[in-house]
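The values are calculated or read from the model by the stated rules, or taken from the named source; none is laboratory data. All figures in this text were calculated on a predicted structure; none of them were measured in a lab. Quick reminder, even Gly has a Cβ in these numbers, built from the backbone with ideal geometry, and neighbours come from all protein chains shown.
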Amino acid sequence: MQLSILKILKGFSAFAVALFFSCDDGSSTLKQINQFNENPVGIAYNIHMTYTDSAAVKAILTSPINLDFTHLSFKYSEFPEGLKIIFFNNKNEENTLVADYGILYNQTKIVDLQGNVVLLSHDGSRLETDQMYWDSEKEWLFTEQPFTFENVNYDMDAIRLDTNKEFSKFNTGKLTGSMVVEEQQDSLIVDEKL
């Protein structure tokens with residue numbers, strides 16, 4: 001009986017050693033799970049997204065490729081090969097924005113546009129910068145990067161821009177360039193009875 005217990009113990013020891021050396025710490029499986037989160041949940045080609053408000057088209061976004069990361073806690077969509085956005089004002093006039101790269105953050109509705117960002121307005125205005133943010137809900141554009149803006153009355157370079165899509169509300173930081181300014185002559189009304 002003592003011999004059989006010794007055989008059982010030796011067999012169990014051999015099994016335990018084999019089990020110990022064959023165990024994996026699970027890091028390869030964990031890496032595969034985490035790698036899934038780094039990959040998009042979907043890829044779409046030649047996309048065309050339309051933003052509406054009260055059945056009126058406010059903007060159209062097109063891109064050759066869209067990577068969908070909506071499975072992550074902070075959802076976003078990426079446009080690695082660039083994008084084009086056409087904005088429509090209340091008179092249905094078009095303003096066009098193009099960029100080499102973009103990210104749409106789903107929760108904030110902000111689009112981060114990067115690389116050769118160009119905004120062409122229906123009135124011939126042109127804005128160029130390396131990065132621009134578009135808030136699709138507030139229909140607002142802003143950047144902290146240097147930019148160039150040209151139209152009939154302006155030819156300027158500046159850093160920092162905060163504007164609506166029509167450029168009718170235009171705030172900027174330090175700027176250089178030229179602007180056409182209309183001067184109004186003050187008039188003095190004199191009462192001749194005095």
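In this entry, Asp130 passes the filter for residues that are in a strand (DSSP E or B) and either in contact with a Gly (Cβ under 8 Å, 6 or more places away or on another chain) or outside the structural domain of Asn90 (by TED's automatic domain parsing) (or both). Residues that are out of contact with any strand residue (DSSP E or B) (no Cβ under 7 Å at 6 or more places or on another chain) and aliphatic (A, V, I, L, M) were ranked within the stretch 56-108; the one that is surrounded by the fewest Cβ atoms within 10 Å (Cβ to Cβ) is Ala56. Filtered by the rule that a residue be at pLDDT 90 or above and in contact with a Leu (Cβ under 8 Å, 6 or more places away or on another chain), the stretch 62-85 gives Thr62, Ser63, Tyr76, Ser77, Glu78, Phe79, Pro80, Leu83, Lys84.
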